[in-house]
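Chemist: To start, I am sharing the structure in question, which I have written as structure tokens.
The values are calculated or read from the model by the stated rules, or taken from the named source; none is laboratory data. Just so you know, these numbers come straight off a predicted model, no measurement behind them. Cβ atoms come from the backbone with ideal geometry, glycine included; neighbour counts cover every protein chain shown.
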DNA sequence: GGGCTGGGTGACAGTTTTGTGACACTTTTC
DNA sequence: GAAAAGTGTCACAAAACTGTCACCCAGCCC
């Protein structure tokens, strides 16, 4: 899956240009025009890197970074600032920024620094997920099943699994899966997604015909549930023996 | 254990001052006055971070960094340079540098950036690595195989081996191998990496056709596993942590 | 210079993954 | 109920990717 970059910049022209360039490098980009929007997108989207302008209307960049760090998140942050005063740079690094670049900057340098910071993404510790006795290692692209089997995961397989797990408990629509996993350009047939879900069920479900973890939400998409819970509202309708 | 910083700077006054400050921050510091000495100390001492002046007598900083990267080493590198031209910064980042600071710089900023870079990696690279009865000596570019044979390793061969070993258990993508071993500018064909892996397998795998250590991760890259893992289908014993 | 040696390339033959269409089956809607 | 819409599965084709091999090239050491 493409690395996700959250770009926080209030000047539309610069924001647009940077976004284009980042997209050209193969990143998924979202733009937030101010601090509040930045925090909101950050929580909702879980970007892999935040590019943060220091001067912003309302909440400034430093405060945004501080807020994020206060929540124990280690998402790398690259500061951008018009004033390149050393004291300010130090401020930025002190509140937990990982890099600091003064405007106006050299575009290739910016892109390289972004790439550098993202390189660390693979090293995040939160790469193993466990549920119902299975263990999925996203770094090793491997699933250790409950029964001890070890299975290698394909790229798409992993992407879908990761997406569903990230949204555990929520319904993820087919459209969104298509968007996230395949990108806007490609449109595989609807059967394709099903196929992958089938495979996931075969791997993780005790009884693939009666899924406990990978629920189908009719007319919309799928929902992943770590624990086979019995929610009164949903199960009361029909329960086959 | 104190983080080890190798400071490569030919001007004695500056070198002394920086060394003092770094030591004041609690790092163990060694100083190398030129490129050749830098490589020598690097091999012998295995620092956790290299602070590298770009302009050096003889071998310049960029070349030093390139040499280190060509050996698959991922030790973070912080470049220092009198000329802050953007093109030069980009050069530095391209050969695998992790950060770039223009002289004259603000001391607190320097110290913060050092701290930042050290935050990344805790594990110290080892000079000699053993697995499955083989022993690899990265200093001597030599592998002592399980059966007693002794094999010389080429530079690239070593670089890839080292990179994979540093990331043991993790998938290392082809892109990343290219980046770290060859640098951003060179693009050897995709077959090239395969070839080296083939060679590594021939050396270290009991049965090269069914690799136990150098796994292919389809569509992405390779993964090194020190311990031969149990085959999936048969046993349901206990799992590695 | 002439033969090594380590690196790098292109071709080719596998492999594995991904995507598709057909078809049966379920759930909704009317 | 019956028609319509949406899903689960399967076999199979199309792509994409990897393992090898023979071979080329550039330094390097006599």
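Chemist: Is at least one residue of segment B:127-145 within 11 Å of chain A (Cβ to nearest Cβ), more than 16 Å from the chain's Cα centre (by Cα) and buried (at least 17 other Cβ atoms within 10 Å of the Cβ)?
Modeler: no
Chemist: Now for a separate question. Go through the residues of segment B:47-59 one by one and say whether even a single one is more than 10 Å from residue B:5 (Cα to Cα) and within 14 Å of the chain's Cα centre (by Cα). So that I can check it myself, show each step before the final result.
Modeler: Looking only at segment B:47-59, we keep the residues that are more than 10 Å from residue B:5 (Cα to Cα), and these are B:52-59.
Within this subset, residues satisfying the condition of being within 14 Å of the chain's Cα centre (by Cα) are none.
Within segment B:47-59, none of the residues are more than 10 Å from residue B:5 (Cα to Cα) and within 14 Å of the chain's Cα centre (by Cα).
Chemist: What single numbered condition from (1) in contact (Cβ under 8 Å) with a residue 24 or more places away in the chain; (2) over 23 Å from residue B:177 (Cα atoms); (3) within 12 Å of chain A (Cβ to nearest Cβ) fails to hold for residue B:92?
Modeler: Every listed condition holds for residue B:92 apart from (2).
Chemist: Take the residues in segment A:192-217 that are within 7 Å of DNA strand D (Cβ to nearest atom) and not in a strand (DSSP E or B); name whichever of them is surrounded by the most Cβ atoms within 10 Å (Cβ to Cβ).
Modeler: A:197
Chemist: If you go through segment A:172-191 one residue at a time, do you hit one that is more than 19 Å from residue A:28 (Cβ to Cβ) and assigned to a helix (DSSP H, G or I)?
Modeler: The answer is yes; a qualifying residue exists.
Chemist: Against the condition in a strand (DSSP E or B) and either touching a strand residue (DSSP E or B) at 6+ places or on another chain (Cβ under 7 Å) or loosely packed, with under 15 Cβ neighbours inside 10 Å (or both), how does residue A:22 come out, does it pass?
Modeler: no
Every residue, every condition in (1) more than 23 Å from residue B:157 (Cα to Cα); (2) in contact with a strand residue (DSSP E or B) (Cβ under 9 Å, 6 or more places away or on another chain), yes or no:
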| position | (1), (2) |
| --- | --- |
| B:26 | yes, no |
| B:34 | yes, yes |
| B:38 | no, yes |
| B:53 | yes, yes |
| B:59 | yes, no |
| B:62 | no, yes |
| B:77 | no, yes |
| B:110 | yes, yes |
| B:127 | no, yes |
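Chemist: Taking the condition surrounded by fewer than 19 Cβ atoms within 10 Å (Cβ to Cβ) and either within 12 Å of another protein chain (Cβ to nearest Cβ) or within 20 Å of residue B:61 (Cβ to Cβ) (or both), does residue B:119 pass?
Modeler: On the way: surrounded by fewer than 19 Cβ atoms within 10 Å (Cβ to Cβ): yes; either within 12 Å of another protein chain (Cβ to nearest Cβ) or within 20 Å of residue B:61 (Cβ to Cβ) (or both): yes.
For residue B:119, the condition - surrounded by fewer than 19 Cβ atoms within 10 Å (Cβ to Cβ) and either within 12 Å of another protein chain (Cβ to nearest Cβ) or within 20 Å of residue B:61 (Cβ to Cβ) (or both) - is met.
Chemist: Checking residue B:69 against (1) in contact (Cβ under 8 Å) with a residue 40 or more places away in the chain; (2) under 22 Å from residue A:106 (Cα atoms), which single condition isn't satisfied?
Modeler: Exception for residue B:69: condition (2).
Chemist: Another question, if that's okay. Of (1) in contact (Cβ under 8 Å) with a residue 24 or more places away in the chain; (2) within 14 Å of chain B (Cβ to nearest Cβ); (3) assigned to a loop (DSSP other than H, G, I, E, B), residue A:151 satisfies all except one. Which?
Modeler: (3)
Chemist: Could you give me the residue pairs with C-beta distances under 9 Å whose first residue belongs to segment B:154-166 and is free of Cβ contacts under 8 Å to residues at least 24 places away in the same chain, whose second residue is within 16 Å of DNA strand D (Cβ to nearest atom) wherever it lies, and which are 6+ apart or on separate chains?
Modeler: Sorted first by the residue in segment B:154-166, then by its partner, the pairs are B:154/B:141; B:154/B:196; B:154/B:199.
Chemist: Out of the residues in segment A:28-47 that are in contact with a helix residue (DSSP H, G or I) (Cβ under 7 Å, 6 or more places away or on another chain) and within 14 Å of residue A:10 (Cβ to Cβ), which is surrounded by the fewest Cβ atoms within 10 Å (Cβ to Cβ)?
Modeler: Across segment A:28-47, the extreme among qualifying residues is A:31.
Chemist: Report yes if residue B:225 is modelled with pLDDT of 85 or more, within 14 Å of another protein chain (Cβ to nearest Cβ) and surrounded by 13 or more Cβ atoms within 10 Å (Cβ to Cβ), otherwise no. Give the steps one after another, and end with the answer.
Modeler: Details: modelled with pLDDT of 85 or more: yes; within 14 Å of another protein chain (Cβ to nearest Cβ): yes; surrounded by 13 or more Cβ atoms within 10 Å (Cβ to Cβ): yes.
So residue B:225 passes the test.
Chemist: Now a separate question. Looking only at segment B:184-222, count how many residues are within 20 Å of residue B:155 (Cα to Cα), within 13 Å of DNA strand C (Cβ to nearest atom), within 21 Å of the chain's Cα centre (by Cα) and at pLDDT 85 or above.
Modeler: 8
Chemist: Now, a different point. For segment A:154-166, enumerate the residues that are crowded, with 20+ Cβ neighbours inside 10 Å and either within 10 Å of another protein chain (Cβ to nearest Cβ) or not in a helix (DSSP H, G or I) (or both).
Modeler: Residue satisfying the conditions is A:158 alone.
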